[in-house]
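The structure appears right after this line, and notes come after that.
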Amino acid sequence: MTKVLSSMVIFAVLFAVVRSTARADQTATHSVHSAYIESSSLRIEFDRNMRSRVIARFNGNEVPIGAFSASETVKGSERSWYNFALASQTPERITDIYGAGERLSLTGTSGGLRKNVSITIYDNFPNLAVFDVSYTNVGKSPLKILEWSNNRYTIDAQRVSSQAPFWSFQSGSYERRPNWLVPLHTGFSQQNYLGMNASDYGGGTPIVDVWRKDVGMAVGHVEPRPVLISLPVSMPTARQAQVSVQYLHNWSMQPGESFHTFRTFVAVHKGDYFETLLTYRRFMLKQGFQMAKAPDSAFGAIWCAWGYGRHFKPQQVYDTLPTVKSMGFTWVTLDDGWQNNYGDWQLDPKKFPHSDADMRAMVDRIHREGFKAQLWWSPLSAVPESKLLQDEPELALENRDGSRRKISWWNSYYLCPANSRVVEYHKELVRKILVDWGFDGLKLDGQHMNGVPACYNPAHHHKSPEDSVEALPEFFREIYDAAQKAKPGALVEFCPCGTAYSFFTMPHFNMSVASDPESSFQVRSKGKTIKGLMGDDVPYFGDHVELSDNHDDFASTLGIGGVVGTQFVLPSLVEKHGRFDLTPDREKLFQKWLELYQEKGLSHGQYLGTLYDIGFDLPETHVIRKDKKMYYAFFAANWKGDVELRGLDDRAYHVVDYVDGKDFGVVRGPVAHLSAHFSKHLLLEATPQ
């Protein structure tokens, strides 16, 4: 009996210790910080050294995403500053253009450097915190500064996971044209520098996002212009990922002198990165970033003459128009090869011997057949032998050493977008294309359009070499405005070949495009990204279907709510044959998808990007809501098992495969499950009963 009692006592003591330890661990979550700011979705805690960590708060649960880290730091030539002794903190209620919110201001010192951090969480943006950081040299000697970093955080992996521990949205632009969405692996590292990463590849969206299955985190900047930051993402170990905002700048900070970093942010979310894009777009709307309006005609299917190449003949275009018309296309695009060179943009005399009269005749013919006409064009590029650069060499953008910057694809040089003469020259070309020749739209093309290098041309009298970088969005605003003035409702398609779109240019075109996708996954993932940043009112062109998997994957464009298009050629009109040939079998297949595109009209629907995680949910799923119906697009190489229909109302729905006609019967929302077996894709229509 005594032994039993002793055992019970020991067990009780041990149980009390475990409970006490658990309470201590829970309390530690709230007590180790010296300062904090929070909302219903987010809390940021700072310790006494002004290191911080981010805690997501969803549905009453709090999830520390990573450990405390030196999140706002400065690197110098002789030392670096990571820890700042917290000296003061001031909370306050504020109201500004973003609405009402809470602000926490912190001050701390490290040697001769004082840091001030202001964190604001707005009531209308509870999952996003904006950081204003400044530093002051309070010492007696100059400080040589090399770089600063904001929002440097670690993200811990979940303890148990059979999949990749993290997925990430990567926003840098690279010549290799990588996927924007990637699963992270140990050793992964990408700098995501938003300046030039190759001679003519640069720019990007000022956001990176890393998420695991239960929670995600994004960092970036909310400046109203492009700035030359990096957004590095890495996964140094199997258990941890890292993100930050970095800016390299070599300068001497004199005693008493201060500098401000750019305004940066951290955001948290459930699901994949799409919620971050929605939040960022809404926040930037408060700064005036309103997307352009697209004409109804912009949602029509597109045939492009690019299949015939640069050496096309006008007769090839004319002879193809009847087939294009019979298949239901509404746009005809004349692509690269109509011009004498890049820069002068005069008509090729071999193709248009009567110059403007011949081009007007071609556009008239396209219009008579019932189409809208679009012309390909590559702004800001000029070949060395162009009359433009021969007569006005001062228009060229110059590197620091005085050389001209190369645009590799067309063996051209950059023109400087900050030069007023360059702007006016391009506006004159817009009027010529839309008014004199009669085109209905422009296809602006080139990886160089997404970002430009700093310009050191002394003839331009720039206040700073970065004037060219910051002027690029304004340059495209001038083009867009000139197009609308010349022809109200003109289509302006923007195709920054393979690069990650710059958000700052987005308000200045009314059609986005998959931009030379290298796979069907890129068609879908780029579509999800651009719809998050631009919304549903600006059409997303899935690009020529020949660029997708198997060169015929209309399903990826249709399922994402994109505009379909092709660059097919008639085999009888070409000498060399290949994947662009419209064989009888391909014509039948293409006709089927064109009819589905026109019948369903999903490019006019609402893309519901928060319902499925593109990384962790299998199979990959996209959803469009239109006319009270729900359209589900599932993608996998091979799938056999359940698929889940999310986002339904609490009612019955009749579900059919609208491509092959299979009837899946009636299900009931808000979430339904179906057993399915498919290869490549399964497209379902759920109609409320």
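Laboratory data are not the source of any read-out in this text; all were calculated from the coordinates shown. Here the structure is a predicted model, which means the values were calculated and not measured. With ideal geometry, Cβ positions are generated from the backbone for all residues, glycine too; neighbour counts draw on all protein chains shown.
Mind pulling the angle between the C-alpha long axis of helix 2-31 and the longest principal axis of the chain? Nearest 10 degrees, somewhere in 0 to 90.
Tilt of helix 2-31: around 50 degrees.
Give me the distance between the Cα centres of region 571-646 and region 450-522, rounded to whole Å.
So the separation of the two Cα centres works out to 29 Å.
Under the rule of -39500 (n - 2.57) per DSSP H run of 4 or more residues, summed and divided by the residues of the chain, what mean residue ellipticity at 222 nm is obtained, to the nearest 500 deg cm²/dmol?
Values: 10 runs with 144 residues, N = 689.
Dividing the helical sum by the residues of the chain leaves -7000 deg cm²/dmol.
Using only alpha carbon pairs under 8 Å that are at least six residues apart, calculate the relative contact order of region 539-610 and give it in whole percent.
Reported relative contact order: 32 percent.
Could you tell me how far the Cα centroid of region 412-449 sits from the Cα centroid of region 222-246, in Å?
34 Å
Using only the Cα atoms of region 622-689, build the gyration tensor, take square roots of its eigenvalues as a ≥ b ≥ c, and label the shape rounded, prolate or oblate: rounded if a/c is under 1.5, else prolate if a/b is larger than b/c, else oblate.
prolate
Tell me the relative contact order for the chain as a rounded percent, counting alpha carbon contacts under 8 Å between residues six or more apart. Please report the intermediate quantities before stating the final value.
Working: 1566 pairs, mean separation 65.1, N = 689.
That works out to 9 percent.
For the chain, find the longest principal axis of its Cα atoms and tell me its angle to the long axis of helix 467-486, 0 to 90°, nearest 10.
The answer is roughly 50 degrees.
Taking only Cα atoms, what is the 0 to 90° angle, nearest 10, from helix 314-327's long axis to the longest principal axis of the chain?
Helix 314-327 sits roughly 60 degrees off the main axis of the chain.
Using the alpha-carbon centroid of each, what span in Å lies between region 126-174 and region 385-400?
Here the answer is 40 Å between Cα centres.
For Cα pairs less than 8 Å apart in space and 6+ apart in sequence, what is the mean separation divided by the residue count of region 479-545, i.e. the relative contact order in percent?
Reported relative contact order: 30 percent.
Of the peptides 327-337, 298-308, 99-109, 667-677, how do they stack up when ordered by the mean number of other Cβ atoms within 10 Å, highest first?
The most tightly packed comes first, giving 298-308, 327-337, 99-109, 667-677.
Using only Cα atoms, figure out Rg for region 31-175 and give it as a multiple of 2.2 N^0.38 Å.
1.17
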